[in-house]
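A.B. asks: My questions all concern the structure below.
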Amino acid sequence: MRIAIVGTGYVGLVSGACFAEMGVDVTCVDIDKDKIDGLKNGIIPIYEPGLKTIVMRNYEAGRLHFTTDLSSILNEMQIVFIAVGTPSDEEGNADLSYVMTVADTIADNMSNPLLIVTKSTVPVGTSFRIRDVVRKRLDERGLQDLRFDVASNPEFLKEGAAVNDFMSPDRVIVGVESKDAEELMSKLYRPFLLNNFRVIFMDILSSEMTKYASNAMLATRISFMNDIANLCERVGADVNMVRRGMGSDSRIGRSFLYPGCGYGGSCFPKDIRAIMKVGEDVGYEMSVIKAVEEVNNRQKTILFQKFNSWFNSDVEGKTVAVWGLSFKPETDDMRDAPSLTLIRSLLNAGVKVRAYDPAAMQEARKYLDDNIYYAADIYDAANEADALIVPTEWKEFRMPNWSILKKIMNNHLVVDGRNIYSKEELASYGFSYSGIGQK
Ligand SMILES: NC(=O)c1ccc[n+]([C@@H]2O[C@H](COP(=O)([O-])OP(=O)(O)OC[C@H]3O[C@@H](n4cnc5c(N)ncnc54)[C@H](O)[C@@H]3O)[C@@H](O)[C@H]2O)c1
């Protein structure tokens, strides 16, 4: 089978490499020439565990190809996936301009039967919009009899575990409107699900909705726990215990119950805004989702507030070590990262920032320029700092040498945005500790 994946970002590159790993002949397409040239030379544009190995292996085996020219390869393909970005526009709608540009290129160049699959996260109805654009253009080109199908196949991989998620998915959601499309998608995914075939076929609108509803549910759990954590602090309860107690109820479950300093990344914030807009467009207010976003915006300010109140708002001229910049561990993705809200508040208050991240230092420069000091490691970041703030729980931050930190820091406050440290242990080294949802 020959397929093309248009958009070689986090989703497109991982999907392309994983399909190739299963023996599919894959061409990854991107308009970013530097990215494509780099990939041909073994330069992986993102940090994602395990990705480089499978990209290199499949590129060298001739199953994975890279190009900037979709039109020249289109007619050799059975399936084209659209996996370009769908960022928020100024009003919070999903910006579909990248998706529709790809649809136009397909419509202008296809001359063989094709299955066009939307993998990008898109508002309900987008696959039909693509179908209508392509049909109209084919008719204008005199290709009334040329057969094509559209399908929706939203992606559920998590950055930081993307290869593993793609190779062993919990389930694959596919929205189709024809038997042919269902058979082709079944064939494509069969190798991934040999032990337990978990492709759930449904209609296209429900498939598109499933993606937004899933992300909205996960974001809701996070904001819910952040609200509970803030209440715990005020009434003297410990959210870590509350979380354990709640999570052992099988109706609730343990995952996504971790309080912290807010969700970020390239998906939850924009998808939450987009689903609210979808509601607005049909005259329905998504009240729960609205509250989820409000709680999250407030939560992203909590680390600065804790630091500021510990120093009684006398923070100008202080120095803060920030450990972790990416929006979560095991990725270099900085989009909507809570660390950015924190660092901007620190800088506005006249605080000097010394930051370290195991993977996102280069990416962080695009957002923060030279306004902060980029440290070589955790100890360099903490040197002469008045406080240590941890927005992202990378593994290498979990057991630092507190004796060294005690010596090299000027003041000894730790603000733990992910509850990875023990207050008692830190107290034994002479540190003050402020976590989330604890006394
Ligand atoms: N990142 C994730 O964890 C994740 C998970 C699930 C779903 N998604 C969804 O998948 C989609 C892609 O997300 P991403 O994070 O991979 O985006 P990304 O920004 O990492 O990559 C998008 C790529 O598309 C390319 N592109 C834009 N226009 C193009 C065109 N006309 N032709 C060819 N290439 C073009 C860009 O150059 C870029 O390399 C989004 O809709 C996102 O919501 C993302």
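Please treat every number below as a calculation from the coordinates, not as lab data. Just so it is clear, the structure is predicted and the values come from calculations on it, not from any experiment. Because the Cβ atoms are built from the backbone with ideal geometry, glycine has one as well, and the counts that use them run over all protein chains shown.
A.B. asks: Write down the percent of antiparallel bridges among all DSSP beta bridges whose residues are both part of the chain, to the nearest 5.
C.D. replies: On the way: 2 of 45 bridges.
The answer is about 5 percent antiparallel.
A.B. asks: Towards the positive end of the charge dipole of the stretch 300-434, with charges on Cβ (+1 Lys, Arg; -1 Asp, Glu), say which of TRP394, GLN305, PHE327 has the farthest Cα.
C.D. replies: Most positive-ward Cα: GLN305.
A.B. asks: Bin width 10 Å, origin at 0, all Cα-Cα pairs of the stretch 53-184: what percent of pairs per bin?
C.D. replies: Calculated P(r), rounded to whole percents: 11, 36, 38, 14, 1.
A.B. asks: Angle, helix 97-109 long axis vs. longest principal axis of the chain, Cα atoms, 0 to 90°, nearest 10?
C.D. replies: So the helix axis and the longest Cα principal axis differ by about 20 degrees.
A.B. asks: Between the alpha-carbon centers of the stretch 1-77 and the stretch 407-432, tell me the distance in whole angstrom.
C.D. replies: Distance between centres, Cα-based: 44 Å.
A.B. asks: For the stretch 212-298, rounded, prolate or oblate, judged on the Cα gyration tensor with a ≥ b ≥ c (square roots of eigenvalues), a/c < 1.5 rounded, else prolate if a/b > b/c?
C.D. replies: Working: a/c = 2.27, a/b = 1.85, b/c = 1.23.
Taking the square roots of the gyration eigenvalues as a ≥ b ≥ c, the stretch 212-298 is prolate.
A.B. asks: Taking the Cα centre as origin and putting +1 on Lys and Arg beta-carbons and -1 on Asp and Glu beta-carbons, what dipole magnitude results for the stretch 2-202, to the nearest 20 debye? Show your work: numbers first, answer last.
C.D. replies: On the way: 21 positive and 29 negative charges, 126 e Å.
For the stretch 2-202, the charge dipole is close to 600 debye.
A.B. asks: Right, something else. Calculate one ³J(HN,Hα) per residue across the stretch 268-277 by plugging θ = phi - 60° into the Karplus curve 6.51 cos²θ - 1.76 cosθ + 1.60, and present them in order as whole Hz with x for glycine and proline.
C.D. replies: 3, x, 6, 6, 5, 5, 5, 5, 5, 5
A.B. asks: For the chain, what is the largest minus smallest coordinate of the Cα atoms on each principal axis, given in angstrom and ordered from greatest to least?
C.D. replies: Sorted from largest, the Cα extents of the chain read 76, 48, 43 Å.
A.B. asks: Using the Cα centre of the stretch 149-202 as the reference point, and only Cβ charges (+1 on K/R, -1 on D/E), how large is the resulting charge dipole? Debye, rounded to the nearest 20. Mind dumping the intermediate values first?
C.D. replies: Values: 6 positive and 9 negative charges, 48 e Å.
Dipole about the Cα centre, nearest 20: 240 debye.
A.B. asks: Still on this structure, I have one more. How much length, in nm to one decimal, is gained on full extension between LYS187 and ARG254, taken as 0.36 nm per residue of separation minus their Cα-Cα distance? Present the calculation step by step, with values, prior to reporting the outcome.
C.D. replies: On the way: separation 67, 0.36 × 67 = 24.12 nm, distance 3.40 nm.
Full extension of this stretch gives 20.7 nm more.
A.B. asks: Right, next: Positive end of the charge dipole of the stretch 212-298 (Lys, Arg +1 and Asp, Glu -1 on Cβ, about the Cα centre): tell me which of VAL242, CYS267, TYR284 has its Cα farthest that way.
C.D. replies: VAL242
A.B. asks: Need the C-alpha centroid separation for the stretch 369-395 versus the stretch 92-160, integer Å.
C.D. replies: Answer, in whole Å: 44.
A.B. asks: Relative contact order of the chain: what whole-number percent is it, with Cα pairs under 8 angstrom and at least 6 residues apart? It would help to have the intermediate numbers written out before the result.
C.D. replies: Working: 831 pairs, mean separation 53.9, N = 439.
That works out to 12 percent.
A.B. asks: Ok, one more. Could you list, in their original order, any pairs among LYS318/LYS439; LYS52/LYS352; LYS366/LYS439; LYS290/LYS406 whose Cα atoms are separated by more than 31 Å? Walk me through the numbers on the way to the answer.
C.D. replies: Values: LYS318/LYS439 25 Å; LYS52/LYS352 36 Å; LYS366/LYS439 37 Å; LYS290/LYS406 43 Å.
From the list (LYS318/LYS439; LYS52/LYS352; LYS366/LYS439; LYS290/LYS406), the Cα-Cα distance tops 31 Å for LYS52/LYS352; LYS366/LYS439; LYS290/LYS406.
A.B. asks: Distance between the C-alpha centers of the stretch 292-356 and the stretch 167-222? Whole Å please.
C.D. replies: If we compute the Cα centre of each part, the gap is 37 Å.
A.B. asks: So what's the back-of-envelope 222 nm ellipticity for the chain, counting only DSSP H runs of four-plus at -39500 (n - 2.57) apiece and dividing by all residues, rounded to 500?
C.D. replies: Values: 18 runs with 193 residues, N = 439.
Helices in the chain give a 222 nm mean residue ellipticity of -13000 deg cm²/dmol.
A.B. asks: Enumerate the calculated ³J(HN,Hα) couplings along the stretch 110-122 in order (Karplus 6.51 cos²θ - 1.76 cosθ + 1.60, θ = phi - 60°), each rounded to whole Hz, writing x wherever the residue is Gly or Pro.
C.D. replies: With the stated coefficients, the stretch 110-122 comes to 6, 9, 10, x, 7, 9, 9, 10, 8, 9, 4, 7, 9 Hz.
A.B. asks: Taking the Cα centre of the stretch 92-251 as origin and charging only Cβ (+1 Lys, Arg; -1 Asp, Glu), how large is the dipole, in debye to the nearest 20? Kindly include the intermediate steps, with their values, before the conclusion.
C.D. replies: Numbers: 20 positive and 22 negative charges, 71 e Å.
Around 340 debye, computed over the stretch 92-251.
A.B. asks: For LYS187, list the lysines whose Cα falls under 20 Å from its own Cα; do not include residues on the same chain fewer than 8 positions away.
C.D. replies: Within the straight-line limit of under 20 Å, LYS187 reaches these lysines: LYS119, LYS179.
A.B. asks: So what are the stretch 325-374's ellipsoid semi-axes, whole angstrom, largest first, if each one is the square root of 5 times an eigenvalue of the alpha-carbon gyration tensor? If you can, show how the numbers build up before the last one.
C.D. replies: Values: eigenvalues 62, 24, 15 Å².
One finds semi-axes of 18, 11, 9 Å for the stretch 325-374.
A.B. asks: I'd like to know which of LEU184, SER127, LEU138 lies farthest towards the positive end of the charge dipole of the stretch 51-201, counting +1 on Cβ of Lys and Arg and -1 on Cβ of Asp and Glu.
C.D. replies: LEU184
A.B. asks: Mind putting together the pair-distance distribution for the stretch 161-242? All Cα pairs, 10 Å bins, whole percent per bin, short to long.
C.D. replies: Per 10 Å bin, starting at 0, the Cα pair percentages come out as 15, 31, 24, 16, 11, 3.
A.B. asks: Per residue and in Å³, how big is the convex hull formed by the alpha-carbon atoms of the stretch 317-439?
C.D. replies: Values: hull volume 11.9 nm³, N = 123.
Each residue corresponds to 97 Å³ of Cα convex hull volume.
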